[in-house]
Amino acid sequence: MAHGWRWDPCISHDGSEAESFASEYFLQTGRKALLIAGGGFDPRATQIAERLAAAGADAQALFIRENRPNPDSELTRRAEKNIEKLQTLLPSNDILAVEIFGADGAVVGGRNVTLGVSRYDLTEVTDVIVDISALSVGTAFPLIRLFVEQINRGKDPQNLHLFVSHDPNLDAQISSVASDVPGYVHGFKGGLTLDAASRAAKLWLPQLAMGRQQALSRVHDFVAPHDTCPILPFPARDPRLGDMLAEEYLAEFESGWSVDARDVVYADEQDPLHLYRTILRLDDLRKPVFRDAGGSILVLSPLGSKVMSLGALMAALERDLPVAYLESIGYDFDASADLASPTPHIIHVWLEGEVYPQPRPRLKKGHVP
C-alpha cells in the first residue's frame, strides 16, 4: 500500500493454489455463489464450472451467449455442446443471450450485457464469480466494472472473483475476424470525455498478439497517439514468444508506430498483477512530466492474452483509463483443437470484498492529470 494503489497488495492465486481456493473457499458455510461465464465455443468455457461442481459448491450460474452475425455452423455446434455441459454441471442456471452488434452494425454488446445482468437478483448471493475464459473483452470489461461500482456503492454482492483458464497453445488456435470500426469499450472512455483530454499527451499501450497487426493498426489510427509502447509477454510459457511478436510487428515498429527497443513494455504472461503495476508506474512517472503541458493519458488496447488483459482491466478501473478496442465479428478455430489442455493453468483474482481492509484507495473517475 506504499503507493496508495487499490490492488497493491492484491489477493490472487494461480496454478494449484487457484485450484485449491476454488475447491475449498466456496464450500464455507453461508457461501452462495453466482458464476457468470461465457457459453461459447471455447473449450475452456466449462473448466471453472467443472471445479465448482466437483467441489459441491452452493452455486447458481448465468451463462452468456455472445451472438454475432452469420456464425460458423461448427462453432455454433461447439457452443451448444458447451452450454449443455454447463447446464448439467450447474443445474440452477439462466442463459443471457447478448447481441454484440446492433442492426446498424454498431457495437452494443457491452451495453446489452450490463443491462441484462443488472436485472439479476443478487439478494442472497455472497460471491460473484466472473470467468472470462470464454468472454470477449467487450463483454467482460463492462460486466466486471458493473459489479465493482455496485460494491463500491455498498450494494450486493459482498465479494467479486475473477477466474481465467490460461492456455497459450489454445489461444494460438483461435483467431478472430475483426470488425471495421474501432472504438472504446463500453464504460471505458476514461478522461477522453473531458475537454482537458484534447491537450493531453496520449500514450498508447497495445497488447500484442499473433495475427492481430491489421486490427491493432486500425486501433492505432483511431487513437492517434503521440507515443506508443507495445506490451510484449515476458516471461512467457514459450520463451520465444516475445521475439516472434517483435518480428511479426517489425513493420509497425519501424514505420507506422515509430517504436524502438526502449519503448517496449514487458509483462509476465501468467501474472496479471505484473502488468497492472507496470501500467500504474508508467502513469505515475508521466504525471509530473506532462502536468504543465496539458497532462497525460494512457490508452490501453488488450487484444492478446486473457490473463494480461486482467492486468489492463485493473489499471483501467483504478485510473479510469480509456480502453480502445476492435470488436470481433467472428472467429476461426482450428478443427484439430478439440480440447483445451487437460491441466489448464487457472488464475484467480479476488477483486473486491471482505478480505480487504477498509477504507481502500478510491477509484478515479474522469480525471486527466
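The values are calculated or read from the model by the stated rules, or taken from the named source; none is laboratory data. These figures come from a predicted structure and were not determined experimentally. No Cβ is skipped: glycine too gets one built from the backbone with ideal geometry, and neighbour counts run over all protein chains shown. Surface accessibility is based on the protein's heavy atoms, side chains included, excluding ligands, DNA and RNA. Shrake-Rupley method; radii C 1.70, N 1.55, O 1.52, S 1.80 Å.
Which percent of the accessible area of region 179-331 is formed by carbon and sulfur heavy atoms (probe 1.4 angstrom)?
53
Extending 7 Å from Cα along the Cβ direction at Lys85 and again at Asp121 yields two label points whose distance is 3.2 nm. Only one residue of Ser118, Thr193, His220 has its Cα farthest out toward the positive end of the dipole of the chain, where Lys and Arg carry +1 and Asp and Glu -1 on Cβ, and that residue is Thr193.
Quick check for you: with a 1.4 Å probe and neighbouring chains kept, what is the accessible area per residue of region 179-331, in Å²?
41
Which distance in Å, rounded to a whole number, links the C-alpha centroids of region 255-304 and region 46-114? Taking the Cα centre of region 46-114 as reference, the centre of region 255-304 is 33 Å away. Farthest toward the dipole's positive end in the chain, which of Val107, Leu313, Gln150, given Cβ charges of +1 (Lys, Arg) and -1 (Asp, Glu) about the Cα centre? Going by the charge dipole, the pick is Gln150.
Put a plus charge on the Cβ of each Lys and Arg, a minus charge on the Cβ of each Asp and Glu, and nothing anywhere else: the dipole of the chain about its Cα centre is then about 1220 debye. Among the listed values [x] 45; [y] 42; [z] 38, the one computed from these coordinates for percent of Cα pairs over 29 Å apart is [z]. Pairs from the table (Lys85/Lys306; Lys155/Lys287; Lys189/Lys306; Lys85/Lys189; Lys32/Lys189; Lys202/Lys306) lying more than 30 angstrom apart at Cα are Lys155/Lys287; Lys85/Lys189; Lys32/Lys189. Taken about its Cα centre, region 125-232 carries a charge dipole of roughly 320 debye when the Cβ of each Lys and Arg holds +1 and the Cβ of each Asp and Glu holds -1.
Modelled spin labels at Ala55 and Lys32, positioned 7 Å past Cα toward Cβ, are 1.8 nm from each other. Under the convention that each Lys and Arg Cβ holds +1 and each Asp and Glu Cβ holds -1, the size of the dipole of region 179-331 around its Cα centre is about 400 debye. Applying the Kirkwood pairwise sum to the alpha-carbon positions of region 179-331 produces a hydrodynamic radius of 15.5 angstrom. Annotation note: trypsin sites (Lys or Arg not before Pro) in region 235-285 located in DSSP loop regions with a Cβ neighbour count of at most 11 within 10 Å are Arg240. Looking only at GluC sites (Glu not before Pro) in DSSP loops with at most 16 other Cβ atoms within 10 Å, what is the longest site-free stretch of the chain? After excluding every exposed loop site, the longest remaining stretch is 125-353. Note on the chain: dipole from Cβ charges, positive end direction compared against Leu245, Pro322, Pro168; the farthest Cα belongs to Pro322. The distance between label points at Lys155 and Met244 comes to 4.4 nm (points 7 Å beyond Cα on the Cα→Cβ vector).
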